Every structure is written in C-alpha cells, then in structure tokens.
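To start, the structure itself, in structure tokens.
The values are calculated or read from the model by the stated rules, or taken from the named source; none is laboratory data. All figures in this text were calculated on a predicted structure; none of them were measured in a lab. Virtual Cβ from ideal backbone geometry, glycine too; neighbours counted across all protein chains shown.
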2 protein chains.
Amino acid sequence: MSSEIMLPAGFRTAGICCGIKASGRPDLALFVSDAPAAAAGVFTTNRVCGAPVTVSRSRVPSASARGIVINSGNSNAATGAAGLADARAMTAEVASVLGCEEHQILVCSTGVIGVPLPMHKLQRGIPAAVDSLGDSSIHLQQAATAMMTTDTFHKTASREIRNASGIVRVSGAAKGAAMIAPNMATMLGVILTDASLTPQAADQMLRHGVDRSFNCISVDGHMSTSDTVLLLANGASGVTLTEAENLQLAEAIREVCEELATSIIRDAEGADHFITVDVAGFETRQQAERVAREICESALVKTAVTGADPNWGRIVSAAGYAGVAFETEQLSLRINGTEVYLSGTPVKFDEADLSRSMKENRDVHFELTLAGGPCSGSQSARFWTSDLTAEYVRLNSEYTT
Amino acid sequence: MSSEIMLPAGFRTAGICCGIKASGRPDLALFVSDAPAAAAGVFTTNRVCGAPVTVSRSRVPSASARGIVINSGNSNAATGAAGLADARAMTAEVASVLGCEEHQILVCSTGVIGVPLPMHKLQRGIPAAVDSLGDSSIHLQQAATAMMTTDTFHKTASREIRNASGIVRVSGAAKGAAMIAPNMATMLGVILTDASLTPQAADQMLRHGVDRSFNCISVDGHMSTSDTVLLLANGASGVTLTEAENLQLAEAIREVCEELATSIIRDAEGADHFITVDVAGFETRQQAERVAREICESALVKTAVTGADPNWGRIVSAAGYAGVAFETEQLSLRINGTEVYLSGTPVKFDEADLSRSMKENRDVHFELTLAGGPCSGSQSARFWTSDLTAEYVRLNSEYTT
C-alpha cells in the first residue's frame with residue numbers, strides 16, 4: 001500500500017493499458033527478471049480452472065523463468081482449447097520480445113469468464129509493456145494496478161534481510177479475491193526476491209507462506225477458478241544466506257504473503273469490518289485451521305459482526321461443526337479481549353460495552369481456545385475474514401449484463 | 001400447511017402457551033402415543049449441542065417410547081450440568097402425568113441459548129398440555145405451532161398407504177432452520193406413524209428419509225446445536241404391511257420429510273427465491289451430494305439468484321471446488337430448463353429472457369449433469385436452498401439484546 005516499496009535487484013515491471021477493459025484502465029502487467037530465475041507456483045484446486053492456470057502450472061517449479069505476464073479484464077476461463085492456445089500465445093509473444101523461450105514465461109488472467117481473449121490487443125500491448133519496463137517503486141505500483149479488477153486500491157508489500165554482504169529483498173503485488181457477476185474476479189499474487197534459491201527451495205518457501213496467508217483468508221468461501229500465487233527468485237542480490245538467514249527469508253516471504261492477503265480482506269467488497277480469528281490449543285494445525293475456516297465462512301458469524309453483536313453462540317456453534325471431535329467443556333472464547341465463554345459456559349459480560357467496541361473499531365478479534373480433553377494440544381491457526389453486509393448482497397446481486 | 005392433515009391412529013397432540021415466550025405465543029408442544037411405540041432419532045452432529053439432544057440421543061432407538069415434549073423460546077443449550085438436569089426433569093414431569101417411565105419420553109428445546117429453562121413454567125405447563133391433548137387435525141396444528149420460533153407458518157405433512165386390511169398413516173410436523181441473534185433457532189421434526197415397526201426398521205427408515213430431505217437443505221450452511229428429527233411408530237393401525245408395502249412406507253416417510261424440509265426453505269428468513277438443485281451423472285451419491293451442497297452454500301450463487309442473474313460461471317465454479325475429481329469438459333448446466341453450459345463450454349442463450357423467468361418465478365431450478373470421464377455414473381442428488389437477500393443480512397445483523 002506504500003509508494004516506497006522497492007523492487008528486488010534484477011527485476012523490472014510494467015503496467016499499461018492495452019484496451020481489454022472498456023473503462024480504459026490499466027489491464028496488462030509484466031514482471032521480468034533480467035536473468036533466469038527459480039520459479040514456483042501455488043494454484044486454485046478448483047476443477048474448473050482458467051487456461052492460464054493450466055499453462056503456468058505445467059511450467060513450475062522451474063530453474064529458468066524470465067517473467068510473468070498478467071492481464072485483467074478477461075480471465076480466459078471456460079474458453080476451451082482456443083483459450084489454452086491464447087494463454088500460450090501470450091507467453092510466446094513476451095518471450096519473443098524478451099528473446100527467451102516460451103516456457104520461461106508464466107501467465108495469469110483475471111476478469112470476465114467465457115469470452116475469448118482479444119489477442120490483437122495483447123499482441124500490440126505486450127511489446128508496449130516491455131518498452132515501459134522499469135525498476136522503480138512506481139513501476140511496481142503500475143504493475144500492481146494493472147492486475148486490479150474490483151479492487152479499490154493496489155496491493156504491494158516488501159521485506160528486507162541484511163547481512164554483512166548486502167541486502168536481500170522480497171517484494172510482492174496482489175489483487176483481490178471477491179467476485180462480481182458476470183466478471184469472475186480472482187486472487188492473484190506475485191512475489192519477487194533477489195535471493196538465490198533452488199526451484200525446490202522456492203517451492204517450499206512459497207507453499208509455507210501461502211498456507212499461512214492466502215489460504216487463511218475467506219471473503220465468501222467461493223473458490224475462484226483462477227487463484228494463483230507465483231514466486232520468482234533470481235539471485236541478483238549476490239548475497240549468500242546462512243541457514244539461519246534462509247529461515248529469515250522464508251519468514252519474509254510469509255510476511256509479504258500475509259500483508260498482501262490481509263490487504264485483500266481489507267478491500268473486500270462491501271465490508272465494514274476486518275475480522276481476525278485466532279484458534280489455539282489444538283492437537284494439529286489442520287484441526288485449528290478447520291475450526292478457524294468454519295468460523296470465517298459462517299454467514300451468521302459475519303452478519304453478527306456487521307450488527308456489532310458479540311454473539312458468542314454463533315461462533316462457538318460454527319466451531320462445533322468443523323468436524324473436530326472436542327467436547328463443549330474444552331472451549332473458551334474472547335471477543336476483542338473480553339472473555340465471553342469459558343470452559344463451555346457463557347460468562348457474564350457488559351454486552352453494551354463490547355458491542356460499542358465492535359461498532360467503533362473496524363478490526364474485530366476472536367480468540368477461541370481449546371484446553372484439556374480430546375484434540376487438545378499446542379497448535380494454532382490465524383485466519384482473516386470480513387463481515388457480510390447488505391452492500392455485499394447488493395454488489396453481488398446486481399444483474400450487470 | 002393444510003388444515004386437513006390427520007394424526008395417525010393412537011396418537012394425541014397438544015400445543016399450548018406456558019409463558020416461556022415473552023410474546024405470549026404457544027411455546028409447549030406434546031406428542032403422545034397411547035401405547036408404547038418404536039422410536040428413532042437423527043440428531044445434529046455439532047460438537048456443541050443442547051442438553052435435550054444429549055438426553056434424547058441416549059434414549060433411541062427404543063421399543064417403548066410414549067411421547068415427545070418440545071418447548072420453544074429457550075433452547076436449553078450451553079447451560080451445562082443444570083441444563084441436562086432440566087431436560088431430564090421435563091421428561092420426568094411428562095412421564096409422571098402420563099403414568100410411564102422417564103426414559104419413555106423424548107425431549108427437544110429451541111430458542112435462546114445460554115439461559116436456564118424457566119422450570120416452574122414448564123412444571124405448570126406440562127400437566128396443562130396433557131389435559132389439552134387431542135387427536136384432531138387442529139391438535140396437530142397446535143403442536144406444530146407451539147414448536148415455531150422465527151417461522152411465519154406452521155409446517156405439517158401427511159401420507160397414507162392403503163391395503164385390504166386398512167390404512168397406515170404417516171404425519172409430521174417441523175419448524176424452521178434459520179437462526180436469528182441472540183436466539184439460536186434450529187430445525188426440529190417429528191414424524192408419527194401408526195405402522196408397526198421394530199426400533200431397527202424405524203431407525204433405518206428415518207435415516208433414509210432424513211438423508212434425502214432434511215440433510216439436503218441449506219439456508220445458510222450454519223449447523224445448529226439442536227437439530228433433531230424423531231420418529232414414533234406405534235402399530236395402532238393394526239395393519240400388516242407386505243414387504244413391498246413396507247417399501248411404500250419408507251417412501252411415505254421420505255415424502256413427509258421432504259415436504260417438511262422444503263417448507264422450511266420456503267419459509268427461510270428474508271428469502272425471495274426457492275432454489276432446487278439437481279445434480280446427476282456421478283459415480284456415487286456422496287459425490288453428487290457434495291457438489292449440490294457447495295452450490296447451495298455459495299453466497300455468490302445465492303446472490304446471483306436474488307438478482308435474477310443466470311450466472312452459470314458461479315454455479316459451475318462452485319461445483320469445481322466440491323472436492324470431486326471430474327474434468328470441466330464433462331459438465332453441463334440448465335437453468336430453468338435453458339441450456340447455458342454444455343460439455344465445459346458456455347452456450348449462447350437469451351439472457352434477458354432467462355433473467356425474466358428467474359425474476360417472475362419464485363422457484364428456480366438448476367440441473368447440473370456430468371457425462372463421460374472420471375467420477376461419472378448414474379447417481380444423483382436433489383438439494384434445496386433459498387437465495388441470499390439484503391433482508392437476510394438485515395434480519396441477522398440486527399442487534400436484538
């Protein structure tokens with residue numbers, strides 16, 4: 001969200017208008033590494049996926065990626081064999097201008113589904129995008145902006161690791177997850193680092209980061225057909241990291257993912273509240289995640305937050321159907337720091353006061369903990385979601401064709 | 001919904017006001033079999049469940065049930081050990097007035113959670129309810145009305161099987177599933193039949209019926225802490241059914257369950273549309289159910305229907321994340337009989353016309369079929385849901401304490 005976010009060494013980016021969006025807004029983004037980079041990707045598990053997902057998935061992990069081309073305004077999904085050919089043609093066009101092989105370029109598309117890509121616009125736009133590549137923070141902002149669909153602000157984040165031999169930088173851009181008819185928006189993320197990584201290490205670090213960020217957010221529980229997060233690591237920092245510093249790098253990647261993912265929730269369609277759900281005291285992280293996800297996806301929990309209602313019953317009962325075999329007596333819950341449910345029993349609290357705190361603060365915090373008995377342990381998970389407002393319904397029920 | 005629904009032989013019911021609801025509306029229902037009956041029950045799988053669920057679950061299947069006592073206005077959930085004692089005391093009170101054992105009585109409660117039951121009101125109300133027991137259709141209506149919380153109409157249904165030796169009747173009552181803060185409403189169903197069944201046969205027939213009805217509806221995907229469906233079979237018809245007629249009985253029980261379950265969806269909070277989702281062509285019924293459930297629980301699908309938007313992309317992509325491993329090319333979809341997606345490719349159709357049909361009809365029909373390739377076969381599932389309106393958000397976000 002800051003304008004001060006620098007690109008890692010050896011990367012250049014661009015964001016331009018090529019005419020896919022009727023609004024004339026930027027719709028073509030390019031992320032290029034000057035030298036071949038390790039590349040990894042995490043993709044939607046939806047069986048109905050866009051052509052670019054199929055193409056990019058087949059090209060990672062890689063040791064020799066050169067760039068990522070992204071268009072917004074058209075998702076190239078539900079477009080059949082012609083769509084696959086178009087996605088490949090986009091990468092071939094970029095490769096031909098950059099002077100590399102087609103398989104070194106990854107591709108993402110987001111926007112309306114079921115409509116063929118306007119390839120003539122992309123064929124004109126791609127050389128123009130290459131011409132406008134640059135390595136300033138403005139260039140990264142422009143690329144982040146050209147990925148946007150219904151987002152109201154562009155999303156970037158950055159972290160640094162410093163040691164005696166220099167600086168390693170991790171910077172990223174993302175676009176939001178909510179979906180508006182008949183456009184099917186999607187969540188896209190690009191993470192760039194000038195650290196030197198093997199494709200396997202890049203893959204592991206990206207999965208670790210995505211599992212604790214993009215996979216922990218929920219706007220409406222609907223999984224898009226095009227969700228993609230890509231990582232390029234080009235080694236251009238020239239810095240050698242110790243084993244301990246490599247863990248710092250993994251943590252920096254996770255933090256960039258988290259900042260981008262929570263920005264998506266802060267920009268969720270029609271939302272009034274940003275909700276952080278901390279679930280702790282479970283035997284496995286998977287159990288904690290299941291419980292956190294059910295809470296985040298409950299329309300009743302989300303509407304309660306909209307109404308500033310400290311409705312512990314809805315939260316506790318959502319936990320109860322997550323498929324984790326605990327007993328009621330093990331559960332306790334705090335809302336915005338106030339204990340409302342302790343060891344399976346409602347606690348007397350000042351409801352008016354807690355409701356006021358939920359009304360006055362955009363951020364709401366649930367802390368659900370399990371103690372003693374079956375499924376209890378030391379594992380936790382943090383998830384994020386937004387509330388569910390009448391404005392969300394209005395935005396998503398407006399018939400726009 | 002009809003006033004002509006007769007009770008099966010040997011049953012009497014009552015619905016009275018005992019003062020739990022501040023509104024003064026009926027809040028105590030009784031269903032009594034004059035002779036011991038086979039009893040079966042299906043209960044919420046939520047780990048956080050009301051005390052009456054714990055008590056009733058421990059008493060079925062049974063060969064000697066005499067009745068069911070239900071109060072509305074207070075769910076006796078999240079009430080700890082005192083709540084369990086209160087649930088048992090309700091059944092003891094009924095048993096003492098009827099002259100049977102406590103374990104022969106089942107119990108359900110629905111309404112506000114975390115508040116102790118006003119036992120003095122129930123202790124006065126239960127004898128009064130027994131006094132007003134009767135076997136007319138009005139008595140069944142009164143019992144169905146006394147179960148209601150946020151329902152706008154009472155829900156009853158009935159079927160008959162006739163053979164040379166007489167008539168077997170199946171009649172039922174239910175209340176709705178939606179949940180309003182701070183009350184946690186729930187879905188309750190009672191099925192009565194004068195057929196003679198073993199407890200095991202009663203259990204099998206009830207599970208079969210519930211699996212294809214109450215388990216196939218979704219208002220908001222939130223599983224209540226108190227959902228319960230109970231079946232009593234007292235044999236008072238004196239009719240012996242052949243093996244073939246027993247299958248008819250199972251079908252009659254399923255039909256009564258379906259009519260009650262779909263009534264709940266027709267009465268869903270703030271809903272404008274009743275949506276039937278038919279999913280066919282899968283290898284197993286479980287796969288078809290998973291796909292149907294994801295479609296029913298997608299906020300994006302539901303808001304599209306609210307907006308009369310024939311948004312096939314949202315429906316198809318919800319199917320795609322159900323965890324069933326088909327390929328896009330196998331999928332086809334009809335909305336209100338119009339083909340909109342065929343073998344993975346969008347079909348040209350008159351969008352304005354289809355949108356008009358969705359706007360003018362309260363009932364909307366999706367037919368999703370799988371053909372050829374992985375996971376395809378002859379299994380299907382039918383689910384029902386409602387749309388998601390701004391009115392739903394308003395009802396569920398109003399802070400009512």
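Scanning the stretch B:355-378 for residues that are among the acidic types (Asp, Glu) and over 16 Å from B:Val340 (Cβ atoms), which turns out modelled with the lowest pLDDT? Please lay out each step first, then the result.
Filtering the stretch B:355-378 down to residues among the acidic types (Asp, Glu) leaves B:360, B:363, B:367.
Cutting the leftovers down to over 16 Å from B:Val340 (Cβ atoms) gives us B:360, B:363.
Values: B:Glu360: 93, B:Asp363: 96.
Restricting to residues being among the acidic types (Asp, Glu) and over 16 Å from B:Val340 (Cβ atoms), the top hit is B:Glu360.
Restricting attention to the stretch A:93-119, which residues are closer than 19 Å to A:Leu232 by Cβ, among the aliphatic types (A, V, I, L, M) and assigned to a helix (DSSP H, G or I)?
A:Val94, A:Ala95, A:Val97, A:Leu98, listed by residue number.
Being modelled with pLDDT under 95, over 20 Å from B:Ser226 (Cα atoms) and in contact with a Gly (Cβ under 8 Å, 6 or more places away or on another chain) is the filter here, so list the residues in the stretch B:149-165 that pass it.
Once the filter is applied, which keeps residues that are modelled with pLDDT under 95, over 20 Å from B:Ser226 (Cα atoms) and in contact with a Gly (Cβ under 8 Å, 6 or more places away or on another chain), the stretch B:149-165 yields only B:Ser165.
Picking from A:Gln204, A:Gln286, which residue would you name as being more than 16 Å from A:Ser158 (Cα to Cα), in the same structural domain as A:Phe366 (by TED's automatic domain parsing) and surrounded by fewer than 23 Cβ atoms within 10 Å (Cβ to Cβ)?
On the way: A:Gln204 fails: in the same structural domain as A:Phe366 (by TED's automatic domain parsing).
When all the criteria are applied, what remains is A:Gln286.
Look at A:Glu251 and say whether it is surrounded by fewer than 22 Cβ atoms within 10 Å (Cβ to Cβ), closer than 19 Å to A:Ile5 by Cα and without any contact (Cβ under 8 Å) to a residue 40 or more places away in the chain.
Working: surrounded by fewer than 22 Cβ atoms within 10 Å (Cβ to Cβ): yes; closer than 19 Å to A:Ile5 by Cα: yes; without any contact (Cβ under 8 Å) to a residue 40 or more places away in the chain: yes.
For A:Glu251, the condition - surrounded by fewer than 22 Cβ atoms within 10 Å (Cβ to Cβ), closer than 19 Å to A:Ile5 by Cα and without any contact (Cβ under 8 Å) to a residue 40 or more places away in the chain - is met.
Can you name the residue in the stretch A:341-377 that is over 29 Å from A:Asp267 (Cα atoms) and assigned to a strand (DSSP E or B) and, of all such residues, is farthest from the other protein chains (Cβ to nearest Cβ)? Walk me through it before giving the result.
As a first pass, look at the stretch A:341-377 and keep what is over 29 Å from A:Asp267 (Cα atoms): A:341-350, A:370-377.
Next, from what is left, pick out any that are assigned to a strand (DSSP E or B): A:341-342, A:345-346, A:370, A:376.
Values: A:Tyr341: 8, A:Leu342: 11, A:Thr345: 5, A:Pro346: 4, A:Leu370: 11, A:Ser376: 13 Å.
My answer is A:Ser376.
Starting from residues that are among the basic types (Lys, Arg) and out of contact with any His (no Cβ under 9 Å at 6 or more places or on another chain), keep the ones in the stretch B:1-52 and report whichever is farthest from A:Val291 (Cα to Cα).
The residue in question is B:Arg25.
So, B:Ser380, is that one within 11 Å of chain A (Cβ to nearest Cβ), crowded, with 17+ Cβ neighbours inside 10 Å and not acidic (Asp, Glu) or not? Outline the logic, then answer.
Values: within 11 Å of chain A (Cβ to nearest Cβ): no; crowded, with 17+ Cβ neighbours inside 10 Å: yes; not acidic (Asp, Glu): yes.
The answer is no for B:Ser380.
Among the residues of the stretch B:194-233, what is the count of those that are among the acidic types (Asp, Glu) and more than 14 Å from chain A (Cβ to nearest Cβ)?
If we filter the stretch B:194-233 for residues that are among the acidic types (Asp, Glu), which is where we start, we get B:194, B:203, B:211, B:220, B:227.
Filter again for more than 14 Å from chain A (Cβ to nearest Cβ), leaving B:194, B:203, B:211.
Result for the stretch B:194-233: 3.
Would you check which residues across the stretch A:5-21 are in contact with a strand residue (DSSP E or B) (Cβ under 8 Å, 6 or more places away or on another chain) and not in a strand (DSSP E or B) and list them? Break it down stepwise before answering.
Step one: filter the stretch A:5-21 for residues in contact with a strand residue (DSSP E or B) (Cβ under 8 Å, 6 or more places away or on another chain), giving A:5-18, A:20-21.
Result: A:Ile5, A:Met6, A:Leu7, A:Pro8, A:Ala9, A:Gly10, A:Cys17, A:Cys18, A:Ile20, A:Lys21.
So, in the stretch A:326-340, of the ones that are more than 8 Å from chain B (Cβ to nearest Cβ) and assigned to a loop (DSSP other than H, G, I, E, B), which residue ends up nearest to the chain's Cα centre (by Cα)?
A:Asn336
Yes/no per residue for (1) surrounded by 20 or more Cβ atoms within 10 Å (Cβ to Cβ); (2) within 14 Å of chain B (Cβ to nearest Cβ); (3) not in a helix (DSSP H, G or I):
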residue: A:Ile68; (1), (2), (3): yes, no, yes
residue: A:Leu84; (1), (2), (3): no, yes, no
residue: A:Leu122; (1), (2), (3): yes, no, no
residue: A:Pro127; (1), (2), (3): no, no, no
residue: A:Gln142; (1), (2), (3): yes, no, no
residue: A:Thr150; (1), (2), (3): no, yes, yes
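Find all pairs meeting these conditions: Cβ atoms under 8 angstrom apart; at least six residues apart or on different chains; first residue within the stretch A:2-21 and more than 11 Å from A:Gly125 (Cβ to Cβ); second residue surrounded by fewer than 21 Cβ atoms within 10 Å (Cβ to Cβ) and β-branched (Val, Ile, Thr).
A:Ser3/A:Ile138
Exactly one condition in (1) in contact with a Leu (Cβ under 8 Å, 6 or more places away or on another chain); (2) within 23 Å of B:Ala299 (Cβ to Cβ) is not met by A:Glu367; state its number.
Failed condition: (2).
Of all residues in the stretch A:91-112, count the ones that are within 21 Å of A:Val42 (Cβ to Cβ) and touching a helix residue (DSSP H, G or I) at 6+ places or on another chain (Cβ under 6 Å).
Number of matching residues: 6.
Write out, first by first residue and then by second, each pair whose Cβ atoms fall under 6 Å of each other, whose residues are 6+ apart or on separate chains, and whose first residue, in the stretch A:108-134, is touching a residue at least 40 places away in the same chain (Cβ under 8 Å) and among the charged types (D, E, K, R) while the second is surrounded by fewer than 17 Cβ atoms within 10 Å (Cβ to Cβ) and part of a loop (DSSP other than H, G, I, E, B).
Close Cβ pairs satisfying both conditions: A:Lys121/A:Gly19.
Out of the stretch B:291-325, which residues are at the interface with chain A (Cβ under 7 Å from one of its Cβ atoms), within 13 Å of B:Leu368 (Cα to Cα) and touching a Gly at 6+ places or on another chain (Cβ under 9 Å)?
Matches in the stretch B:291-325: B:Gly313, B:Val316.
Do we have B:Ala92 as in contact with a Gly (Cβ under 8 Å, 6 or more places away or on another chain), at pLDDT 95 or above and of a type in the set (Gly, Ala, Ser) here? Before the answer, list the steps.
Details: in contact with a Gly (Cβ under 8 Å, 6 or more places away or on another chain): no; at pLDDT 95 or above: yes; of a type in the set (Gly, Ala, Ser): yes.
For B:Ala92, the condition - in contact with a Gly (Cβ under 8 Å, 6 or more places away or on another chain), at pLDDT 95 or above and of a type in the set (Gly, Ala, Ser) - is not met.
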